[in-house]
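The values are calculated or read from the model by the stated rules, or taken from the named source; none is laboratory data. It should be emphasised that the depicted structure is a prediction, and the values quoted were computed from it without experimental measurement. No Cβ is skipped: glycine too gets one built from the backbone with ideal geometry, and neighbour counts run over all protein chains shown. With ligands, DNA and RNA removed, areas are computed over all heavy atoms of the protein, side chains included. Shrake-Rupley method; radii C 1.70, N 1.55, O 1.52, S 1.80 Å.
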There are 2 protein chains.
Amino acid sequence: MSHQSPDAIGPDGAGYLPGLALDAVIFGFHENQLRILLLEYRNTGLFALPGGFIREHEDLNAAARRMLAERTGLSDIYLEQFYVFGDQARYDPEPMRSIMRANGLTPTDNHWLLRRFVSVGYYALVDFTKAVPRPDALSDSCDWYDLNRLPALMQDHQAIVQKALETLRINLDRKLVEWAASLLPDTFTMAELQSLYETILNEKLHRSGFQRKMLSLGVLERIDKKYTGGAHKAPYVYRFVAG
Amino acid sequence: MSHQSPDAIGPDGAGYLPGLALDAVIFGFHENQLRILLLEYRNTGLFALPGGFIREHEDLNAAARRMLAERTGLSDIYLEQFYVFGDQARYDPEPMRSIMRANGLTPTDNHWLLRRFVSVGYYALVDFTKAVPRPDALSDSCDWYDLNRLPALMQDHQAIVQKALETLRINLDRKLVEWAASLLPDTFTMAELQSLYETILNEKLHRSGFQRKMLSLGVLERIDKKYTGGAHKAPYVYRFVAG
DNA sequence: TTCTATTGTAACATTTTGTTACAATAATAA
DNA sequence: TTATTATTGTAACAAAATGTTACAATAGAA
């Protein structure tokens, strides 16, 4: 689970559902790499997934949307639950204690933030070019990190990222159009689309077959040509159209 | 969410995680039909999915296993999370109040069982011939109901069943072997396996192609013939072998 | 012995996927 | 202007997977 401003929440967690949190793996795609948003906590060097809590009169999914909007500035985000992390062993209070101390707080032993949390994992897909990452009240930075070069993460957040990635791979074929529309800019080349596919699957695909398959889906509209400045034929630029 | 003996739990829910529950859609396969386990509450005519709560020092998935063992007598069950139901609107305290009254309890207005719950949905797959359904402390019966002829269910339990079914359909191809091994008896005919497949997908498949595909998976071992008494060729009986 | 329903599998057609090949072309260099 | 280069779009063919039809093999009943 993760964290918001304690003064916004109150010292006893009043107004929020107790023991329940959510963590989000927010994916973006840039320079042919999958990246995720991470928070770095003040004075601690600890990295964590963006997370949040659920208000007493708020739907669970609405809480996730609210938190995502706070972290990215985007209100219309593709997001989905993928797993609930509910092992009791996952909650080690020590990192949270450090973070609170680093923020000038002196947590009591049974401070609500230090108790056990069950956390609902969400993954979100955002257009890298549109998101404006914003740190939360306890963190210095909120930034993109290449999935292949993540820093060490708090608690079980590494496992959460891994599970999110597995979920992406399993569902890619079924969800491709929705996902690509969320992760890519409005227009893109076939090579960019293929690169996204390859990055998620972590394997190379045959160019010819990929193009044939994508075009046969009937969801791509060819717009015009893109002159990249490279010494070669200019690729077409596509956009998704409602199927 | 669902319910256990209130005296086993205590009137204030002490010893259990607050606000968090789990509901299970327990599937069995019998006479070419998918069935699920439902509880019928004493003196109320209300039907509900088996559910439970999480002990303070218990892993979430362990709580699900404990509850499934209590309801079916089986300890080694295939089960998986599929969704968290966290809308605030889902929790209507009225049915629960009826159930408590029908059990001779006089619930206070803010009794913990009447407050909002977020519930983790699990589906489980069991061998119909091995499960021994047992009611919980508040219910009269725990029994199998044909998926096509379910009684009216409490709260949003109908939607939970629907979502579980969708999850089955989406994942059938990927999980077939695990699932069939859980749902079917140790040995079965090709027709039975096909019937299971058809029932989950809710569509007819071609017999020839189905047989070819199943055999090509290399996970079926042909045991011997089954003389059913029917006036026709006797089918082979198969069993799954580790791939 | 004939008949019926069902099974196991072969045979063929169709579709999808994998692979190779090649012409088209945008910039660059000669 | 004319090669040269890297990349693109698509055709062409091969291989594999899937859809469909057909038929011989039976276990029992008539």
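Per residue of B:58-65, count partner chain C-beta atoms within 10 Å of its C-beta, then hand back the mean as an integer.
That works out to 3 on average.
Each part gets one Cα centre, and for the range A:161-217 versus the range B:161-197 those centres are 29 Å apart.
Indicate the gyration tensor shape class of the range B:144-238 (rounded, prolate or oblate), computed on the Cα atoms with a ≥ b ≥ c the square roots of the eigenvalues: a/c under 1.5 is rounded; otherwise a/b larger than b/c is prolate and the rest oblate. Since a/c reaches 1.5 and a/b is larger than b/c, the shape of the range B:144-238 is classed as prolate. Take the Cα radius of gyration of the range A:90-141 and divide it by 2.2 N^0.38 Å, N being the number of residues; the result is 1.49. Surface analysis of the range B:184-240 yields an accessible area of 66 Å² per residue, using protein heavy atoms and a 1.4 Å probe.
Applying D = kT/(6 pi eta Rh) to the range B:147-197, where Rh is the Kirkwood radius over alpha-carbon pairs, T corresponds to 20 °C and eta to 1.002 mPa s, the Stokes-Einstein value obtained is 169 µm²/s. Pair-distance distribution of the range A:24-110: all C-alpha pairs, bin width 5 Å, starting at 0; shares per bin in whole percent are 2, 11, 16, 20, 21, 17, 9, 3, 1, 0.
Both the radius of gyration and Dmax for the protein assembly as shown are 25.5, 83 Å, in that order, over alpha-carbon atoms.
Pairs exceeding a 27 Å alpha-carbon distance, out of A:LYS204/B:LYS163; B:LYS163/B:LYS225; A:LYS163/B:LYS213; A:LYS204/A:LYS225; B:LYS130/B:LYS225; A:LYS130/A:LYS225: A:LYS204/B:LYS163; B:LYS163/B:LYS225; A:LYS163/B:LYS213. When chain A is treated as a Gaussian network with alpha carbon springs shorter than 10 Å, the biggest mean-square fluctuation among A:ASP109, A:ASP23, A:ASP127 belongs to A:ASP109. List the residues of the range A:155-198 whose backbone N lies under 18 Å from a point placed 7 Å from the Cα of A:ASP146 along the Cα-to-Cβ direction. Hits in the range A:155-198 for A:ASP146 at 18 Å: A:195-198.
At a probe radius of 1.4 angstrom, the accessible area of the range B:6-172 per residue rounds to 40 square angstrom. Taking all protein chains together and rolling a 1.4 Å probe, A:THR108 ends up with roughly 80 Å² accessible. The contact between chain A and chain B removes approximately 1800 Å² from the accessible area (both sides summed; 1.4 Å probe; ligands, DNA and RNA excluded). Across chain A, C-alpha contacts under 8 Å between residues 6 or more apart give a mean separation that, scaled by the residue count, equals a relative contact order of 24 percent.
Shielding by partners for peptide B:14-20, expressed as the average number of C-beta atoms from other protein chains within 10 Å of each residue's C-beta, is 4. B:ARG169 contributes an accessible area of around 90 Å² to the protein surface, as traced by a 1.4 Å probe with all chains present.
When shorter helices are ignored and each DSSP H run of at least 4 residues is given -39500 (n - 2.57), the per-residue value for chain B at 222 nm works out to -10000 deg cm²/dmol. Counting only heavy atoms of the protein chains and using a 1.4 Å probe, B:GLU178 has close to 90 Å² of accessible surface. For the range B:6-172, taking Cα atoms only, Rg and Dmax work out to 15.2, 46 Å respectively. For the range A:184-240, the normalised intensity computed at q = 0.31 Å⁻¹ comes to -1.32 (log10 of I(q)/I(0), Debye sum over alpha carbons, equal scatterers, no solvent).
Just the number, please: carbon plus sulfur as a percent of the accessible area of the protein assembly as shown, 1.4 Å probe, no ligands or DNA/RNA counted.
Values: 10960 of 22580 Å².
So the carbon and sulfur contribution to the accessible surface is 49 percent.
Placing a label point 7 Å from the Cα of B:GLY13 along the Cα-to-Cβ direction, the distances to the matching points in the other copies come to 1.2 nm, shortest first.
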